[in-house]
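A short reminder: the numbers here are calculations on the coordinates, not readings from a lab. In this text the structure is predicted, and so the values were computed from the model without any measurement. Note: ideal-geometry Cβ built from the backbone for every residue, glycine included; neighbour counts use all protein chains shown.
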Amino acid sequence: MEVSEAVECDLESLHESLKSEEEYVPSSEEQSQLAWLALATNLPGKSAVRLAVLILQLAEKHGRKRHLLITPCRLADSSISRVAGYEGLVALEVAGLVEVNRCRGRNPLVSILETRRS
């Protein structure tokens, strides 16, 4: 068997396997996260959206939605300035998407709030 025949055979088998797979349906947790993120995209400015994505990434990484620490280093890793990060936190908090526990001289602790489905 030549290389071109092997490639054709592999492509045919791949095509058949793709046809037989069922359509992807997101879980209720994924749908909830998408709805939450959609609400964040309606807020003015870019900082709230970028911070919302960062918060969701932290929640996935740590496996929890409460007590997520937003550090200046994490903000910098996401190319969010400190001031823009805090402005984004205020916007998300006013919109009712997060609860922020602030303590002078400490990094804020953020908890994701559940969105109401209408």
Checklist entry - Counting only residues that are surrounded by 13 or more Cβ atoms within 10 Å (Cβ to Cβ) and more than 16 Å from residue 99 (Cβ to Cβ), how many does the range 55-67 have? => result 1
Checklist entry - Limited to the range 86-118, what total is found for residues that are surrounded by 12 or more Cβ atoms within 10 Å (Cβ to Cβ), among the β-branched types (Val, Ile, Thr) and under 16 Å from residue 38 (Cα atoms)? => result 3
Item to check | Residue list for the range 68-85, filter: touching a residue at least 40 places away in the same chain (Cβ under 8 Å) and surrounded by 20 or more Cβ atoms within 10 Å (Cβ to Cβ) | outcome: 68, 70
Checklist entry - How many residues are assigned to a loop (DSSP other than H, G, I, E, B) and among the hydroxyl-bearing types (Ser, Thr, Tyr) if we restrict to the range 79-107? => result 2
Item to check | Close pairs from the range 23-47: first within 24 Å of residue 74 (Cβ to Cβ) and touching a residue at least 40 places away in the same chain (Cβ under 8 Å), partner surrounded by 11 or more Cβ atoms within 10 Å (Cβ to Cβ) and of a type in the set (Gly, Ala, Ser), Cβ under 6 Å, at least 6 apart | outcome: 40/48; 40/52; 43/91; 43/95; 47/84; 47/88
Checklist outcome for this item: Selection from the range 30-78 of residues more than 9 Å from the chain's Cα centre (by Cα), of a type in the set (S, T, N, Q) and assigned to a helix (DSSP H, G or I) yields 31, 32, 41, 47
